[in-house]
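Asks: Pasting a structure here, questions to come.
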Amino acid sequence: MIFFDTNVLVYFAINQDVRKQSIAQILIQQAIEKQTLVISPLIIIEFIFVLSKLNQLVEQDKVVSFFQQFVKGQIDSNLVLSAYQLCAQHPEQGKNINDVIHLKFAEQHCEKTITFDSDFKSLASFSTIKLELQS
């Protein structure tokens, strides 16, 4: 299973960069075809938040509904505690708590994380999950 970071979904839906949108669309299409697409509840929440900030919430209704079918798992108290513990041991990661939660979710449900966010590199040493950074 493949965990897609919020920015991949945003590039998929909104043309902010033609090259990145193409990459996002190809990666997501491949994951759908292979039935390996996983979206966490927190990712869909962040996606909706970004759409709202970009004034694209209504325009992207069909995309939100489409992605909703791939939302799996849950963000439970144990997952949040695990993320907190990592941040407590590495306080510099506290400002990236959502990314740490993404990492912990991906560890439970996926083999790989795909993102355009270079900040994720700082988390790579805290996990054995494969990180694929798109540029």
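Asks: Can you spot a residue in segment 107-116 that is in contact with a His (Cβ under 8 Å, 6 or more places away or on another chain), of a type outside the set (S, T, N, Q), within 18 Å of Thr6 (Cβ to Cβ) and assigned to a helix (DSSP H, G or I)? Reasoning before the result, please.
Replies: First, pick out the residues of segment 107-116 that are in contact with a His (Cβ under 8 Å, 6 or more places away or on another chain): 113.
Narrowing further to those that are of a type outside the set (S, T, N, Q): none.
No, there is no match, as no residue in segment 107-116 is in contact with a His (Cβ under 8 Å, 6 or more places away or on another chain), of a type outside the set (S, T, N, Q), within 18 Å of Thr6 (Cβ to Cβ) and assigned to a helix (DSSP H, G or I).
Asks: Looking at the structure I just gave you, is Val100 touching a residue at least 12 places away in the same chain (Cβ under 8 Å), surrounded by fewer than 17 Cβ atoms within 10 Å (Cβ to Cβ) and more than 14 Å from Met1 (Cβ to Cβ)?
Replies: no
Asks: All but one of (1) within 14 Å of the chain's Cα centre (by Cα); (2) part of a helix (DSSP H, G or I) hold for Gln74; which doesn't?
Replies: (2)
Asks: So how many residues does segment 14-27 have that are surrounded by fewer than 23 Cβ atoms within 10 Å (Cβ to Cβ) and either touching a Lys or Arg at 6+ places or on another chain (Cβ under 8 Å) or part of a helix (DSSP H, G or I) (or both)?
Replies: Step one: list which residues in segment 14-27 are surrounded by fewer than 23 Cβ atoms within 10 Å (Cβ to Cβ), which gives 14-23, 25-27.
Checking which are either touching a Lys or Arg at 6+ places or on another chain (Cβ under 8 Å) or part of a helix (DSSP H, G or I) (or both) leaves us with 18-23, 25-27.
Adding up the residues that qualify gives 9.
Asks: So the check is Cβ under 6 Å with 6+ separation or different chains; which pairs have a first residue in segment 46-61 that's over 14 Å from Tyr11 (Cα atoms) and a second one that's surrounded by 12 or more Cβ atoms within 10 Å (Cβ to Cβ)?
Replies: Taking only residues 6 or more apart or on different chains, the pairs are Leu57/Leu51.
Asks: Still on this structure, please answer the following. Could you say whether any residue in segment 56-77 is closer than 18 Å to Leu131 by Cβ and of a type in the set (A, V, I, L, M, F, W, C)?
Replies: No, segment 56-77 has no match at all.
Asks: Which residues, taken from segment 53-65, are more than 13 Å from Thr6 (Cβ to Cβ) and surrounded by fewer than 14 Cβ atoms within 10 Å (Cβ to Cβ)?
Replies: If the condition is that a residue be more than 13 Å from Thr6 (Cβ to Cβ) and surrounded by fewer than 14 Cβ atoms within 10 Å (Cβ to Cβ), then Asn55, Val58, Glu59, Asp61, Lys62, Ser65 are the ones that fit.
Asks: Restricting to segment 117-131, name every residue that is part of a strand (DSSP E or B) and surrounded by 15 or more Cβ atoms within 10 Å (Cβ to Cβ).
Replies: Residue satisfying the conditions is Leu131 alone.
Asks: Which one is surrounded by the most Cβ atoms within 10 Å (Cβ to Cβ), of the residues in segment 66-80 that are under 18 Å from Ala24 (Cβ atoms) and without any contact (Cβ under 8 Å) to a residue 24 or more places away in the chain?
Replies: Phe66
Asks: Filter segment 103-135 down to residues that are among the aromatic types (Phe, Trp, Tyr) and in contact (Cβ under 8 Å) with a residue 60 or more places away in the chain and give me whichever is farthest from Thr36 (Cα to Cα). Even if it seems obvious, please write down each step before you answer.
Replies: Pass one, segment 103-135, residues among the aromatic types (Phe, Trp, Tyr): 105, 116, 120, 126.
Subsequent filtering for residues that are in contact (Cβ under 8 Å) with a residue 60 or more places away in the chain retains 105, 116, 120.
Numbers: Phe105: 15, Phe116: 19, Phe120: 21 Å.
Out of the qualifying residues, it is Phe120.
Asks: Consider Lys34 carefully, then state whether it is loosely packed, with under 13 Cβ neighbours inside 10 Å and at pLDDT below 95. Steps first, answer last, please.
Replies: Working: loosely packed, with under 13 Cβ neighbours inside 10 Å: yes; at pLDDT below 95: no.
So Lys34 does not fit the description; no.
The values are calculated or read from the model by the stated rules, or taken from the named source; none is laboratory data. Model, not experiment: these values are computed from the prediction. Please note: Cβ atoms are built from the backbone with ideal geometry, for glycine as well, and neighbour counts cover all protein chains shown.
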